[in-house]
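Okay, structure first, notes after.
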Amino acid sequence: MSETKSTTGPLAALDERLRDTRLFFTQALRTFHATGSIVPSSPALARAMAEHVRARPVPDEPLRIMEVGAGTGAITRGIAPAMVPGDTADLVEANPEFAAYLEGLLESDPVLSPIAPQATVHAKLVGDMGTDRTYDVILSGLPFANFTADAVREILEYYFEVLRPGGHLSFYGYLYTKEVKAVIARREDYLRQARTSWVVQEWIDRYGVRSDKVLANIPPAFVHHLRKPDKTA
Ligand SMILES: C[S@@+](CC[C@H](N)C(=O)[O-])C[C@H]1O[C@@H](n2cnc3c(N)ncnc32)[C@H](O)[C@@H]1O
């Protein structure tokens, strides 16, 4: 059961954020590997991530959006105001607590409830989403730095399989993760993360169109925007 309720105004918004943060922190303590952070993303990071929902290539043409690792809806709050009628958003979240909370937010949150008819929460792993749908924009909040290189490659390949030619993938990574791991992590964990970061870099080198530094986030982050090439004749 979600613990959301309907209120409005700046104090209500602050109250919502505190509830998001409390749930997020509790889940991070339970499963840091999948959660990857101790607090939800900031509005600045959400705004940077929503770049390709705002900058729609053809005005009035609906977008098919997938957000992966939606958590407590921090990035979804950046997408929602940029969505127009006809857009659809598949919100994928493996943690059932977060998925149920997100369903509640779609009913009650002042920013998210307007997109409720266009949004579907999928309480599952991204690997179980299948390939029967395609997307114009994919936003990924998955903590790649916690995954193995093979798992990250598989997820990136999946994104590019279901992305339409010319579509965009946006994802973020935290600054200085490798440097911090070099100091505090065990050697095998440091090496695992180094291998993962090579895979991520390979995809950025191949398809990256822009990277933005977002300092107003805990921790500060880089948002990477990748574009799937147009079909060649
Ligand atoms: C770093 S949090 C991001 C949450 C939220 N998007 C934000 O920015 O605050 C990563 C989220 O990905 C979810 N997650 C981790 N692995 C997943 C997977 N394989 N499929 C779907 N969701 C996953 C976690 O449960 C968590 O909510």
- Largest-first semi-axes in Å of the equivalent ellipsoid built from the Cα gyration tensor of the stretch 175-233 are 27, 17, 6
- Note on the structure: In the neighbourhood of L45 defined by beta carbon distances under 12 Å, the net charge of the other residues (Lys, Arg +1; Asp, Glu -1) is +1
- Item | Over the chain - Rg/Rh using Cα atoms and the Kirkwood inverse-distance radius | 0.95
- Note on the structure: Taking 62-71, 47-56, 157-166, 144-153 and ranking on average Cβ neighbours within 10 Å, highest first, one gets 62-71, 47-56, 144-153, 157-166
- Message: Calculate log10 I(q)/I(0) of the stretch 34-111 for q = 0.12, 0.20 Å⁻¹, where I(q) comes from the Debye formula with a single equal point scatterer on each Cα and nothing for solvent.
- Response: -0.33, -0.91
- Task: With a 10 Å radius around each residue's Cβ, average the other Cβ atoms per peptide and rank 205-217, 127-139, 77-89, 169-181, highest first.
- Result: 77-89, 169-181, 127-139, 205-217
- Item | Relative counts (whole %) of C-alpha pair distances in the stretch 136-205, using bins that are 10 Å wide | 20, 50, 23, 7, 0
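Values quoted throughout were computed directly from the atomic coordinates according to the rules given, and no laboratory measurement underlies them. Note that the structure is predicted; figures quoted are calculated from it, not measured. Positions of Cβ are generated from backbone atoms using ideal geometry, with glycine treated the same way; all protein chains shown enter the neighbour counts.
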